[in-house]
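Please read the structure below before turning to the comments.
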Amino acid sequence: MDKIVLATNNKHKINDFKNLFKDIEIQTSNDVGFFNEIVEDGKTFYDNALIKAKTLFEFLKEKNFDAIVIADDSGLCVNALDGRPGVYSARYAGNHDVKAARSKLLEELKDKDDRSAYYECVLVAILPNGKIISAEGKTYGHILEKECGTTDFGFDRLFYSDDLGKPFGFATDDERNRVSHRGKALQNLKAKLLEANVLLNDDKK
């Protein structure tokens with residue numbers, strides 16, 4: 001199989017896929033004419049990724065369009081908050097307001113001794129024959145007591161990365177991608193797709 005359709009139009013995610021699957025044609029949901037909003041009402045990252053992948057898969061099936069369909073879901077999980085914000089990370093403070101979300105997180109943790117946390121990403125791929133392959137990735141650290149750094153992506157200004165030994169807010173794109181939950185999930189998924197012999201044009205590197 002030499003074509004992947006992603007259930008996203010997020011430029012960062014698209015670039016991550018293109019950098020890893022260099023010999024595979026990558027298309028987005030918009031590229032194949034899918035513009036509907038998908039309701040992500042699952043209770044887990046896997047649930048939401050599966051909902052998105054299945055919805056796009058059924059759309060392509062009706063068009064007799066063969067491709068590997070891949071969707072992801074990810075977020076920040078804080079142990080002292082029983083895994084919140086988790087699947088609600090993007091909607092933690094409503095309306096995808098990342099500044100308000102960071103303020104809310106700091107407020108919820110102000111009396112907590114345990115500030116350990118991790119980012120998690122789950123990828124779900126559906127092959128043209130309907131077979132489902134999934135993979136996950138995690139990166140661990142803790143929540144800082146105040147924001148730091150120059151990036152303004154999600155909770156990165158509050159997340160100290162154990163892998164990097166510094167806050168994500170001060171990490172370069174290359175540094176972050178090297179240890180990120182999505183990067184690890186992508187590597188795990190690629191290995192599983194290669195093992196299943198469905199990436200026929202990939203160099204397997």
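Summary table
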{"read-out": "Number of the exception - K190 against (1) modelled with pLDDT under 95; (2) of a type in the set (K, R); (3) assigned to a loop (DSSP other than H, G, I, E, B)", "value": "(3)"}
{"read-out": "Options A117, A101: the member that is crowded, with 16+ Cβ neighbours inside 10 Å, small (G, A, S), under 19 Å from the mean Cα position of the chain (by Cα) and farther than 30 Å from K192 by Cβ", "value": "A101"}
{"read-out": "Single residue of region 55-100 satisfying the filter (out of contact with any Ser or Thr (no Cβ under 8 Å at 6 or more places or on another chain) and among the small types (G, A, S)) that is nearest to Q187 (Cα to Cα)", "value": "A67"}
{"read-out": "Hey, N9 surrounded by 13 or more Cβ atoms within 10 Å (Cβ to Cβ), at pLDDT below 95 and assigned to a loop (DSSP other than H, G, I, E, B) or not", "value": "yes"}
{"read-out": "Selection within region 105-137 - under 29 Å from K61 (Cα atoms) and among the hydrophobic types (A, V, I, L, M, F, W, C)", "value": "C121, V122, L123, V124, A125, I126, L127, I132, I133, A135"}
{"read-out": "Out of K184, K138, sole residue that is touching a residue at least 60 places away in the same chain (Cβ under 8 Å) and either of a type in the set (D, E, K, R) or outside any loop (DSSP other than H, G, I, E, B) (or both)", "value": "K184"}
{"read-out": "Region 141-171, subset over 15 Å from L106 (Cβ atoms) and open to solvent by 60 Å² or more (accessible area, probe 1.4 Å), residue modelled with the lowest pLDDT", "value": "D152"}
{"read-out": "Some residue of region 117-130 being in a strand (DSSP E or B), touching a strand residue (DSSP E or B) at 6+ places or on another chain (Cβ under 6 Å) and either free of Cβ contacts under 8 Å to residues at least 40 places away in the same chain or over 16 Å from G75 (Cα atoms) (or both)", "value": "yes"}
{"read-out": "One residue from N48, N19 being open to solvent by 20 Å² or more (accessible area, probe 1.4 Å), under 26 Å from V179 (Cβ atoms) and assigned to a helix (DSSP H, G or I)", "value": "N19"}
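The values are calculated or read from the model by the stated rules, or taken from the named source; none is laboratory data. Values in this document were obtained by computation on a predicted structure and should not be read as measured data. Glycine gets a Cβ as well: all are built from the backbone with ideal geometry, and neighbour counts include every protein chain shown. Side chains are part of the model used for accessible areas, which takes the heavy atoms of the whole protein and leaves out ligands, DNA and RNA. Shrake-Rupley method; radii C 1.70, N 1.55, O 1.52, S 1.80 Å.
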